[in-house]
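Got a structure for you, written out below as structure tokens; questions coming shortly.
The values are calculated or read from the model by the stated rules, or taken from the named source; none is laboratory data. Fair warning: this is a prediction, and the values are worked out from it, not measured in the lab. All Cβ positions, glycine included, derive from the backbone under ideal geometry; neighbour counts span all protein chains shown. Each accessible area value is taken on the protein alone, full model and side chains, heavy atoms only, with ligands, DNA and RNA left out. Shrake-Rupley method; radii C 1.70, N 1.55, O 1.52, S 1.80 Å.
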Amino acid sequence: MWFRKKETVHTDEKILPQHIAIIMDGNGRWAKKRSLPRSAGHVAGAKTFKDIARYCNKIGIRYLTVYAFSTENWKRPKEEVDGIMNLLRDYLKDATNFKSENIKLNFIGDFSPLSEDIIRLIEKDEAESADATGLQVNIALNYGGRDELVHAVRKLMQSGKDADAITEEDISEAVYTAGQPDPDLIIRPGGEYRLSNFLIWQAAYAEYWFTDVLWPDFSAKDLDRAIETFAGRNRRYGGV
Ligand code: FPP
């Protein structure tokens, strides 16, 4: 593992990203290449997600945010949407995914159109893992960055705050990731080079890393490569 070889990188917390966000793309193409239904790609993608979350926890990443289902994904065939929801159900029901690993689960997005049973499972898992001190996993579900900002604006207006007094910090506290650091590193596998409405407020100073590897094939080695590239970047935040 790269961080063992490079002691300085391992010990320097400024270089290891605190918060990694991933757009889990390429499940459909992975399945197509194998003449399998798209749902098989999502099954494989869910397994990759579990492996990568475990690995992030092991190497000391503090936050991992994954794009599981966007506000636009409802446009997909019902069968595919149901398949992704069933994968989430299975994941939520299997508490061993987080209990034995000391992983804290958190869901971000607008849950209003989700089935009642999924909402209940989310609440249960979030409560059961609330005291975990390891990695915090944010699963973005019916999430859209613009939708998140609409909710944040409504929240701020409803709070009665004077419009002229609203600050960037107020907006950061009104979005779903309130209280968390912004992502340092955003990874997109699957060969596309766009943000697709993911964390648009939080991504302002993130570093980006893209790969053609399809998400079901994404491995700890790919994550190491992304982190290594990140460690070599010079983040200036608008300074010199
Ligand atoms: C994008 O690939 C992937 C999705 C829209 C769904 C991602 C969902 C999972 C990985 C499963 C989630 C489960 C858990 C437990 C978090 P795509 O289908 O757009 O791929 P394509 O571009 O090749 O068609």
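When you go through Ile61, Ile84 one by one, which is the residue that is among the β-branched types (Val, Ile, Thr), open to solvent by less than 80 Å² (accessible area, probe 1.4 Å), in contact with a His (Cβ under 9 Å, 6 or more places away or on another chain) and near the ligand (Cβ under 7 Å from one of its atoms)? If you could, list the steps in order and put the result at the bottom.
Working: Ile61 fails: near the ligand (Cβ under 7 Å from one of its atoms).
That would be Ile84, the only listed residue that is among the β-branched types (Val, Ile, Thr), open to solvent by less than 80 Å² (accessible area, probe 1.4 Å), in contact with a His (Cβ under 9 Å, 6 or more places away or on another chain) and near the ligand (Cβ under 7 Å from one of its atoms).
From the set of residues in the range 23-41 that are within 13 Å of Val66 (Cβ to Cβ) and near the ligand (Cβ under 6 Å from one of its atoms), which is surrounded by the most Cβ atoms within 10 Å (Cβ to Cβ)?
Asn27
Sticking with this one: For the range 179-190, check the following and say yes or no: at least one residue is touching a strand residue (DSSP E or B) at 6+ places or on another chain (Cβ under 6 Å) and among the β-branched types (Val, Ile, Thr).
yes
Can you give me the number of residues within the range 93-128 that are surrounded by 17 or more Cβ atoms within 10 Å (Cβ to Cβ) and touching a residue at least 40 places away in the same chain (Cβ under 8 Å)?
5
Sticking with this structure for a sec: Out of (1) farther than 30 Å from Ala40 by Cα; (2) outside any helix (DSSP H, G or I); (3) of a type in the set (A, V, I, L, M), what's the single condition that is false for Leu195?
Result: Leu195 passes all but (1).
Would you confirm whether any residue within the range 154-163 is under 26 Å from Asp51 (Cα atoms), away from the ligand (no atom under 16 Å from the Cβ), surrounded by 13 or more Cβ atoms within 10 Å (Cβ to Cβ) and not β-branched (Val, Ile, Thr)?
No, the conditions are met nowhere in the range 154-163.
Give Arg188, Arg225, Arg233 a once-over and let me know the one that is modelled with pLDDT under 95, of a type in the set (Lys, Arg) and either under 30 Å from Gly45 (Cβ atoms) or open to solvent by less than 70 Å² (accessible area, probe 1.4 Å) (or both).
Arg233
Something else about it: Would you check which residues across the range 97-129 are more than 23 Å from Leu149 (Cα to Cα) and within 13 Å of the ligand (Cβ to nearest atom) and list them?
Matches in the range 97-129: Asn97, Phe98, Ile103, Ile118, Leu121, Asp125.
If you don't mind, there's one more thing I want to ask. Would you confirm whether any residue within the range 108-121 is over 16 Å from the mean Cα position of the chain (by Cα), among the hydroxyl-bearing types (Ser, Thr, Tyr), under 29 Å from Ala31 (Cα atoms) and part of a loop (DSSP other than H, G, I, E, B)?
yes
Go through (1) outside any strand (DSSP E or B); (2) near the ligand (Cβ under 9 Å from one of its atoms) and name the single condition Val66 misses.
Exception for Val66: condition (1).
Next question, about the same structure. Out of all the residues in the range 69-81, which are surrounded by 14 or more Cβ atoms within 10 Å (Cβ to Cβ) and within 11 Å of the ligand (Cβ to nearest atom)?
Hits for the range 69-81 are Phe69, Ser70, Asn73, Arg76, Glu80, Val81.
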